[in-house]
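Right, one structure below, let's go through it.
The values are calculated or read from the model by the stated rules, or taken from the named source; none is laboratory data. The structure displayed is predicted, hence computed values, not measured ones. Positions of Cβ are backbone-derived with ideal geometry, glycine not excepted, and every protein chain shown enters the neighbour counts. With ligands, DNA and RNA removed, areas are computed over all heavy atoms of the protein, side chains included. Shrake-Rupley method; radii C 1.70, N 1.55, O 1.52, S 1.80 Å.
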Amino acid sequence: MDSLTQIVLGAACGEAVLGKKIGNKALLFGAIGGTIPDLDVFVGALLHSNEIQAMAFHRGFMHSILFSILGAFAFGWLIHKLYDKGKRLNTTSQKDWILLFFWSLFTHPILDCFTPYGTQLFSPFSDYRVAFNTISVADPLYTIPFLISLIVLMFFKRTKTKRKLWLCIGVIVSSAYMTLTVFNKYYVNSVYRTSLESNSIDFRRFQTQPTIFNNILWYGVAENDTEYYVGFYSLLDNKKVITDWAKIEKQHHLIPMSDEDLSTLAWFSDGYYGIRPSENSDEFIYSDLRYPLLNPDDAKTSLFTFRVFNNNGRWDLKNNRPEINEDASFSSVFGPMIERLKGK
């Protein structure tokens, strides 16, 4: 999920493990541990000059169970050596620090697995990307109550029981909301399947996910041999059926998808991608259709869009963001999605 959410979760892990011993410093070290896996964005950029491979590196090994274990021992040993000195001598143990970093590192990819991006939890033994698709990469209803509880507990001394109470409140509320998103997912999946069948849409697979910042408006994409059908469903809709579908041609033949870099890009998108020509003959528009359209009525407004081009014999990408007019306002960009969220 977004960096703030991972910081909050990591801080909660730090508090749970070492809060009684070192107070608010446990929140800080937990937040650091919760941030470490996402540093793979910078590591990938250093290791790969090709943007496709750099992007694919994110949520790879540094988000795996193995890294959580190895990192816990490495960071736990290091921080204990640096911390256990002077007045702080023998106030904490190496085991404490290993546990703090294990839980802050391990919970990070577990939480990421609930988002649509895909997390290589079992790397390097498998490149399978775990994606439960129950919550958006940024959802304030998960993060804000959790953050508030941590802010409140910071004002209590480390020995006070109210500190533990507020930590429990944050964990319980956020976990309850996450559980709700799982139930929403099962319900929305049944709506999409029924809608596809009732509209006689030929499909071999489909997936659903919530749109950004909420768990009310959901987006789904269904695939057959030549095209995709995408549609939106709001939990506030009057009917339990989707009738408005946008059709997107695959056009995978436009570029050589058997190429090593392009096949990595297809793997990254879990095979849900569309290609179309651009105004430049040497560039193509690549849309990762796992992510929703900004405008439910415009099939060309995919939220996750790239320009792919051949760069000295290797396929690469640029402009990994929607192509939005620089003068566009918030309402013009997100207005159509907000209106659809209200239901119909």
**Request:** For the stretch 93-100, indicate whether the set of residues that are more than 18 Å from A56 (Cα to Cα), at pLDDT 95 or above and of a type in the set (S, T, N, Q) is non-empty.
**Result:** yes
**Message:** Looking for something in a helix (DSSP H, G or I), under 25 Å from D127 (Cα atoms) and aliphatic (A, V, I, L, M) - is there at least one such residue anywhere in the stretch 256-263?
**Reply:** yes
**Message:** Tally up the residues in the stretch 60-118 that are of a type in the set (V, I, T), under 30 Å from T211 (Cβ atoms) and in contact with a Lys or Arg (Cβ under 6 Å, 6 or more places away or on another chain), please.
**Reply:** 0
**Prompt:** In the list I79, I52, which residue meets the criterion of being in contact with a strand residue (DSSP E or B) (Cβ under 7 Å, 6 or more places away or on another chain), on the phi < 0 side of the Ramachandran plot and either outside any helix (DSSP H, G or I) or at pLDDT 95 or above (or both)?
**Reply:** I52
**Message:** Based on this model, can you work out whether T211 counts as open to solvent by less than 60 Å² (accessible area, probe 1.4 Å) and over 18 Å from R276 (Cα atoms)?
**Reply:** yes
**Message:** Among the residues that make up the stretch 59-77, is at least one of them more than 26 Å from the chain's Cα centre (by Cα) and open to solvent by less than 50 Å² (accessible area, probe 1.4 Å)?
**Reply:** yes
**Asked** Being without any contact (Cβ under 8 Å) to a residue 12 or more places away in the chain and either surrounded by fewer than 16 Cβ atoms within 10 Å (Cβ to Cβ) or not hydrophobic (A, V, I, L, M, F, W, C) (or both), is that true of even one residue in the stretch 238-254?
**Response** yes
**Request:** Only residues that are over 23 Å from N214 (Cα atoms), in contact with a helix residue (DSSP H, G or I) (Cβ under 6 Å, 6 or more places away or on another chain) and crowded, with 19+ Cβ neighbours inside 10 Å: list them for the stretch 143-198, please.
**Result:** L153, R163, W166, L167
**Item:** Filter result (free of Cβ contacts under 8 Å to residues at least 40 places away in the same chain, on the phi < 0 side of the Ramachandran plot and not in a helix (DSSP H, G or I)) within the stretch 86-113
**Value:** L89, S93, C113
**Item:** Flag for S3 being open to solvent by 10 Å² or more (accessible area, probe 1.4 Å), of a type in the set (S, T, Y) and under 24 Å from I151 (Cβ atoms)
**Value:** yes
**Fill in**
Picking from D297, D282, D261, D270, the residue that is touching a strand residue (DSSP E or B) at 6+ places or on another chain (Cβ under 7 Å), in contact (Cβ under 8 Å) with a residue 24 or more places away in the chain and open to solvent by 60 Å² or more (accessible area, probe 1.4 Å) would be D282
**Asked** Among the numbered criteria (1) open to solvent by less than 60 Å² (accessible area, probe 1.4 Å); (2) in contact with a Phe, Trp or Tyr (Cβ under 8 Å, 6 or more places away or on another chain); (3) part of a helix (DSSP H, G or I), which single criterion is violated by A138?
**Response** (3)
